[in-house]
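Here it is: the structure, laid out below.
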Amino acid sequence: MATNYFSPWDIWYNRNGFEGLQPSYGISNGDEDENYSPYRLEVYAWVGLAYFDGDNDGIFNDYSLPAANQIVANMATNPAQYQNLLTFNAGQPQEVGNLVKTINPLVFQPQQSARIEDLQDHLPMPGGTLPRYPSFTPPWAFGQWADGFDFAGTLQPQEELLLRDYGKVFFYEVEVFEAATNAFVGTYILHPEIKTLSGGLVNKWHPVENTPGGGIQLQGNLPFGSFNLHYYTDGSFNPTTYSNFGSGSGQCNSFELVFEAPSIKHQHTITGSVPKTLTMDIWQDVPTFWQRSALHLRVH
C-alpha cells in the first residue's frame, strides 16, 4: 500500500484462486515472558465491507471476477436484505461505511493469544471452514476463538455471506477488566494509524463520493464519531501487482475502504493496576508484502 500501512486487504487477492491467503487477525494479551498482563480483555469488532467499487449506486461489484459475475450484491434493489450494511441519504443509497458491531466479544484472559483466520472466508465468522494452522500450540492457539467474529444472528443471511467474502474489522472496542478482581478498568476504541491519508508520498487514496465526481464525500457514522471515507485506487481496473525481488516493484490498486479517523487512537495507556499499552496496528511480513500481513491487537 505505502509506508506504514501494509494492509492485507486487496480486492484482487480476496478469493478466486487465493483461498488459503485470507487475512488473519492476531490478538495477544501479554505473553509468558516479561510482558505480563493482569487484565481480562473483552474485544468487540466493528465490521463492514472492506472495499468500494467507485460507484455509490447500491450495487457492490467485484472487479476481480469475470465481467458476467462482477455484481455480487444488488443492495439497492433488495434493501431489506441488507438493512445493516446499506443506508439511504435523501433517498440515495450509501453502500459502504456502514458498520456492525459483534454481539459476543472475544475474551482473553492474562497471557492468552490467538491468531484468527479462515481457510476460505475473508472475515472469520462462526460456521466457516477450519483454520489454516490448526496445529498451532499456545500462545497461538484457537480454542474458544476459533469461530471468529460473532454477530449472534443480528445480520441478514445475505449480509453474513457478503461479509464472509468482503468484510474486515475497521475498529476494535475493547473493555478491560482486572482479571483478579473483575473490576472494570475502561473501554478503549482503536483504529489503525494510516499516515498516508495525510499526504507525504504520492497519494492514491480517493474520497468516497455520493456519485462519481459528485463532490460530496460520504462519511461513516458511528456512536463514537463521524469519519470521512476513502478508498485506494490508481484509477484503473488493473489488478494489483507486486514483486518481492530486489527492491520490489508493482502497482497497488486494492479498492480498499478506510476511515479517516485521526481522533481515534491506535494506542492507549491502560490505566489499571499495572501500566500497560493497548495497540492496534498491522504487522507486515516483509518478503510477501501484504499477503501475510495481519491486523494485530496487543497488550504490551
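Do the sum for the chain: with -39,500 (n - 2.57) for every DSSP H run of n ≥ 4, divided by all residues, what is the mean residue ellipticity at 222 nm, to the nearest 500 deg cm²/dmol?
-1000 deg cm²/dmol
Going by average Cβ neighbours within 10 Å, how do the peptides 206-213, 94-101 rank, with the highest at the top? Walk me through the numbers before you get to the answer.
Values: 206-213: 14.1, 94-101: 20.6.
Ranking the peptides 206-213, 94-101 by packing returns 94-101, 206-213.
Give the lysines whose C-alpha is closer than 26 Å to that of Lys276, dropping any in the same chain fewer than 8 places away, or say none.
Filter leaves Lys101, Lys195, Lys265.
Taking the Cα centre of the chain as origin and charging only Cβ (+1 Lys, Arg; -1 Asp, Glu), how large is the dipole, in debye to the nearest 20?
Details: 13 positive and 30 negative charges, 63 e Å.
Approximately 300 debye in magnitude.
Once amide H atoms are built 1.01 Å from N in the peptide plane, which residues 5 or more positions from Leu49, or in another chain, come under 5 Å H to H?
Placed amide hydrogens put Gly97, Asn98 under 5 Å from Leu49.
In segment 97-113, which residues have a backbone nitrogen under 17 Å from the label point lying 7 Å from Gln144's Cα in the Cα-to-Cβ direction?
103-113
Between Phe18 and Thr277, what is the label-to-label distance in nm when each label sits 7 Å out along the Cα-to-Cβ direction?
A separation of 3.1 nm, rounded to one decimal place.
What is the calculated FRET efficiency for Tyr242 to Val72, with r their C-beta to C-beta distance and R₀ = 30 Å, to the nearest 0.05? Numbers along the way, then the final one.
Working: r = 24 Å, r/R0 = 0.81.
Given R0 = 30 Å and the Cβ-Cβ separation, E is 0.75.
Oh, and also: Tell me the angle of helix 157-166 to the major Cα principal axis of the chain, expressed in degrees between 0 and 90 and rounded to the nearest ten.
The answer is roughly 90 degrees.
Once fully extended, how much extra length lies between Gln92 and Asn104, figured as 0.36 nm per residue of separation less the alpha-carbon to alpha-carbon distance?
Values: separation 12, 0.36 × 12 = 4.32 nm, distance 3.22 nm.
Extra length available between Gln92 and Asn104 comes to 1.1 nm.
Check the straight Cα-Cα distances from Lys204 and name the aspartates and glutamates below 15 Å, setting aside those fewer than 8 residues away within the same chain.
List returned: Asp10, Asp53, Asp234, Glu256, Glu260.
Of the peptides 77-88, 163-174, 112-123, how do they stack up when ordered by the mean number of other Cβ atoms within 10 Å, highest first?
Ranked by mean Cβ neighbours within 10 Å, highest first: 163-174, 112-123, 77-88.
Taking the mean number of other Cβ atoms within 10 Å as a proxy for protection, how do you rank 233-241, 215-223 from highest to lowest?
On the way: 233-241: 13.7, 215-223: 15.6.
In descending order of packing, they fall as 215-223, 233-241.
With a point put 7 Å past each Cα toward its Cβ, work out how far Gln81 is from Ser226 in nm, to one decimal.
Placing both labels 7 Å beyond Cα along the Cβ direction yields 3.1 nm.
Something else: When the Kirkwood hydrodynamic radius is evaluated over all pairs of different C-alpha atoms of segment 13-135, what value in angstrom, to one decimal, is obtained?
Values: mean 1/r = 0.0584 Å⁻¹.
In segment 13-135 this quantity evaluates to 17.1 Å.
At a 1.4 Å probe radius, carbon and sulfur cover how many percent of the accessible area of segment 8-197? Show your work: numbers first, answer last.
Numbers: 3800 of 7520 Å².
Solvent-exposed carbon and sulfur of segment 8-197 make up 51 percent of the total.
Can you list residues from other chains, or at least 5 along the same chain, whose modelled amide H is less than 5 Å from the amide H of Gly26?
Ile116, Leu295, His296, Leu297
The values are calculated or read from the model by the stated rules, or taken from the named source; none is laboratory data. These numbers come from a predicted model, not from an experiment. FYI the Cβ positions are ideal-geometry reconstructions off the backbone, even for glycines, and counts take in every protein chain you see. Just the protein is used for accessible areas: all its heavy atoms, side chains included, with ligands, DNA and RNA removed. Shrake-Rupley method; radii C 1.70, N 1.55, O 1.52, S 1.80 Å.
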